[in-house]
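Before any comments, here is the structure.
Each reported figure results from applying straightforward, stated rules to the coordinates on display, with no laboratory input. Please read these numbers as outputs of a predicted model, since none were measured by experiment. No Cβ is skipped: glycine too gets one built from the backbone with ideal geometry, and neighbour counts run over all protein chains shown.
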């Protein structure tokens, strides 16, 4: 009886953890949806310059991003940063969007 | 009797402590696979598209894109049920080993590496991924070993 009760508790706790993990992931996905017009920029292969991609409310797909460890593959700003800008020093405007992984777009 | 005493010296932890350590590792593995599977199902199109760009799995990408999250969910279910936890750990290790093999193959042969990860692993490099996966594999192996050691002591 004690064993059964412990097993039920373990299953309940496991389900709670699964719920939390899924919830965190869902919350993270929801955060990515942006309802403000954002200016999106992609990082070049040398990791030095971000160039303008497009502006809008939906972030561009980062599927074609290739791996790199320098910085985020795609970043977004509420303010127009021009046709391109250097990664360093970073623009004074805060990023309102950044792709999930580091990398660059060829 | 002597043997039992020696064994007890090796495993200083009580049965209950071992059980909770195994369960803690199980929870970690659960959380990892549950969030990974959810991400792949919700953003399935991106995941599938990413896989289809990998030259050596291009033809089977559509099947792999479904197989991976389904397998992860199956492992989650196996880990949740106490009676199938051991099997769950074996499947977890197998799946993580396959993922690690895939990453190594990608690093060796792929022309460019697609990046699509979630939660804490999004900040890791590909080498970091390998270490991360190896760490989880080691944890699962440790959990299996701990469970087995406990059973052996009980049998004696």
Point to revise | Residue-span extension gain [residue B:15 to residue B:134] - 0.36 nm each, minus C-alpha spacing | key: 40.2 nm
Exercise for review: Quick one: order B:38, B:23 by neighbouring beta-carbon count within 10 Å, fewest to most.
Suggested key: B:23, B:38
Check your understanding: With a 10 Å Cβ neighbour count serving as the proxy for reagent exposure, in which order, fewest first, do B:92, B:67 appear?
Key -> B:67, B:92
Point to revise | For chain A, calculated [θ]222 nm from helices alone, where every DSSP H run of n ≥ 4 adds -39500 (n - 2.57) | key: -10500 deg cm²/dmol
Point to revise | residue A:8/residue B:145 FRET efficiency (R0 22 Å; Cβ-Cβ; nearest 0.05) | key: 0.25
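Once you have the Cα-Cα distance between residue B:105 and residue B:77, take 0.36 nm times their residue separation minus that, and quote the gain in nm to one decimal.
Taking 0.36 nm per residue and subtracting the Cα distance, the gain is 7.2 nm.
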